[in-house]
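Here is the structure we will look at.
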Amino acid sequence: MNNFLSHFRCTQCGKEFEPLGLHYLCDICSKDYKPGMPLLGVLEAMFDYPAIAKAWMELPDPLLFSAVHPQFYPPIPVGNTPYFKAPRLSEKIGLPQLWIKNDALNPSGSYKDRASQVVVADATQKGIAEIVAASTGNAASSLACIAASVGKQAVIFAPAAAPPAKLIQIQVHGAKLNKVQGTYDDAFKAALDYSATHNCLNRNTGYNPLTVDGKKSAGLEIYLQNGQQVPDWIVIPVGDGVILSGIHKAFTDLLRAGITDKLPRLLAVQAASSDAITSYWETGKYQDARQPATIADSISVKTPALAHWAVQSIKESNGKAIRVSDAEIQDAQLELAQLAGVFAEPSSSATLAGLKLAIAKGWIPASAGTTIVLLITGHGLKDTAAVKGFA
Ligand SMILES: *Cc1c(COP(=O)(O)O)cnc(C)c1O
Ligand SMILES: [Zn+2]
């Protein structure tokens, strides 16, 4: 298989960067970037779309859209997660075409493995032995897991208050854990400081362009698993906005290759107190979330790294953004578990809570023909303390 990466392109000024270099942000647009604000000059991987289209005709394969040649991929399988209907849940909320994409069934139990897979592959390609990341917990446990499969050293900066199971996961895979007395945003900065002074690769979400690109693979899988049809809506939990932008990127790339002719509408779901992207989408003006405090730790972000790209993705897809309360998340968590057999962590349970609100608002018609995908991003066992009502 060929690798069809053409170059990286700045999402703000369009400046191009050669494909094999070590790039994070555009040097021009990131001049005014400081930790504590959404990233500026985020790079997007661009491909030889006509060549991909040709190869896709012979064999449709998400790997055709990979920014790193699959020969460098770690041996541990990532992705190809199940896509299935949940009839009892469908019936309860009146949507016959409700599908679940269960990315909790990745090696470390979260969607983050998709980005880790490609970043670790890039480290192998570049001969770099150490990879650093900031994380609310899942990006770190994911990097620790995937890096272990190829013997690379993961260095983690995570809030000390992260769920205990995630902190254990990080350490059990042999990563170096630096607990940050502070928030995820503080950890993000600590990881930037670390990579500026060490010979390593930085996997901070959004900052490393391969994180967005790596996260698009689920979108490509959904397209194939949905019978090569673009679903009407995909419901996505949103913290930094990288998963959402990655899913949008998948369908944008399919569109650019002429494989599809439309985009799915994206419903961005945020915890009510961690709503910077929702507010930005509503008002057109960026502002930090005031004080994130939610049981959905994976989407608890004050300053979303990919705020600009995420809001643009919601707009381009003719999508919507919505807030859900912790109580709504906890109710949805039990519904998913008891009607679909899917034990999702709070962030992922937020998708069902958001979908129900969107139906109530009339944003999504509860009609027989509407195909809706709930993106389940993390396993419930990662944070059992967040579950309501059981000891
Ligand atoms: C990271 C994460 C999210 C949010 O993804 P962003 O790219 O930060 O928006 C949602 N769910 C889970 C389980 C996660 O780990
Ligand atoms: Zn630029």
ask   = Mind listing the phi-derived Karplus ³J(HN,Hα) values for region 137-143, rounded to whole Hz, using 6.51, -1.76 and 1.60 with θ = phi - 60°, and x for any glycine or proline?
value = x, 6, 4, 5, 5, 5, 4
remark   = Quick P(r) readout (the chain; Cα-Cα; 20 Å bins; whole %) gives 31, 62, 7
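Write out the trypsin sites (Lys or Arg not before Pro) in region 310-383 meeting two conditions: DSSP loop, and at most 15 other Cβ atoms within 10 Å of their Cβ.
Passing sites in region 310-383 are Lys361.
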request  = Rank Thr283, Thr294, Thr303 by mean-square fluctuation in a GNM of the chain with C-alpha springs under 10 angstrom and give only the top-ranked residue.
outcome  = Thr283
task = Any lysines with Cα under 27 Å of the Lys152 Cα? List them, leaving off those in the same chain fewer than 8 positions away.
result = Lys112, Lys126, Lys166, Lys176, Lys179, Lys189, Lys215, Lys216, Lys382
inquiry  = With every protein chain kept in place and ligands, DNA and RNA left out, what is the accessible area per residue of the chain? Probe 1.4 Å, answer in Å².
reply    = 37
ask   = Taking the chain as a Gaussian network, where each spring joins two C-alpha atoms under 10 Å apart, which residue of Ile128, Ile234, Ile322 fluctuates the most?
value = Ile128
task = Specify whether the C-alpha gyration tensor of region 113-207 places it in the rounded, prolate or oblate class, a ≥ b ≥ c being the square roots of the eigenvalues: rounded for a/c under 1.5, otherwise prolate if a/b is larger than b/c and oblate if not.
result = oblate
ask   = Can you give the convex hull volume per residue for the Cα atoms of region 7-60, as a whole number of Å³?
value = 104
query = Antiparallel DSSP bridges in the chain: what percent, to the nearest 5?
reply = 30
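How large, in percent, is the carbon and sulfur part of the accessible surface of region 7-60 at a probe radius of 1.4 Å? Provide the component values of the computation, followed by the final result.
Details: 1700 of 2920 Å².
Heavy-atom surface of region 7-60 belonging to carbon and sulfur, 1.4 Å probe: 58 percent.
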request  = Could you tell me what % of all Cα pairs in region 154-289 have separations over 20 Å?
outcome  = 59
task = Sticking with the crude label model, points 7 Å out along Cα→Cβ, report the distance from Ala366 to Leu59 in nm, one decimal please.
result = 4.5
ask   = Taking the Cβ-Cβ separation of Ala385 and Asn178 as r and a Förster radius of 30 Å, what is the calculated FRET efficiency to the nearest 0.05?
value = 0.85
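The values are calculated or read from the model by the stated rules, or taken from the named source; none is laboratory data. Since this is a predicted model, take the numbers as computed values, not measurements. Positions of Cβ are backbone-derived with ideal geometry, glycine not excepted, and every protein chain shown enters the neighbour counts. Side chains included, ligands, DNA and RNA excluded: accessible areas come from the protein's heavy atoms. Shrake-Rupley method; radii C 1.70, N 1.55, O 1.52, S 1.80 Å.
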